[in-house]
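Undergrad: The structure follows.
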Amino acid sequence: MSGETINGIPRVDPRARRPGWKRAMQRVLRTRPGAAVHRTIAARLDTPIMKATGGRVSLAVGAVPVVVLTTTGARSGQRRETPLIYFTDGDDVILRASNYGGARHPGWYHNLLAHPECELHLGPHGGRFVAREAEGDERDRLFALAADVYLGYPKYAERTNRTIRVLRLAPALG
């Protein structure tokens, strides 16, 4: 796949220089209080806001690229929607299971392990994807690139004893 999108999701170059105001917003969000406010308020409101505005408005206020991941619950089988920071690598979308540096992996990570078929949407655009976990050198390379997209990831890695997982989502065939 080539072009400006992958299955309707805009490509994001992790090495692209971010404007100063975006880096300043990220400095606030990577602090414990900033992460707590985002986790308890902004992240819960982001999906309905992005749906209502066709993806034009997000509480990330442009500081980071955000996409809505739709998974199937590992135990419940119910559809779950989660707004997540992403970037692209080749023809895949890359997600990190940071959970704000918490002790446990986020629920969506377990959902993707149980049911790798998922959807990504940004407003009315998006499509079906299949997830797989990146491991070894590939995981390390992608995690380093993630820090270029969002300054908080290295801080989150310091806060937790677990390895923050990286997932590669490829467009579903057919």
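Undergrad: Would you mind checking which residues have amide H under 5 Å from Phe129's amide H? H placed 1.01 Å from N; only 5 or more apart, or other chain.
TA: Here Cys118, Glu119, Leu120, Ala172 satisfy the definition.
Undergrad: For segment 107-174, report the translational diffusion coefficient in µm²/s to the nearest whole number, using Stokes-Einstein at 4 °C, 1.567 mPa s, and a Kirkwood Rh over Cα pairs.
TA: 96 µm²/s
Undergrad: While we're here: Rounded to a whole number, what is D in µm²/s for segment 52-174 from Stokes-Einstein with the Kirkwood radius over alpha-carbon pairs (25 °C, 0.890 mPa s)?
TA: 166 µm²/s
Undergrad: Where in segment 131-174 does the label zone of Thr5 land, with the point 7 angstrom along Cα→C-beta and an amide N cut-off under 11 Å?
TA: none
Here, each number is a calculation from the coordinates, and none is a lab measurement. Computed from a predicted structure; not experimentally measured. When we count neighbours, we look across all protein chains shown, and the Cβ atoms used for this are built from the backbone with ideal geometry, even at glycine.
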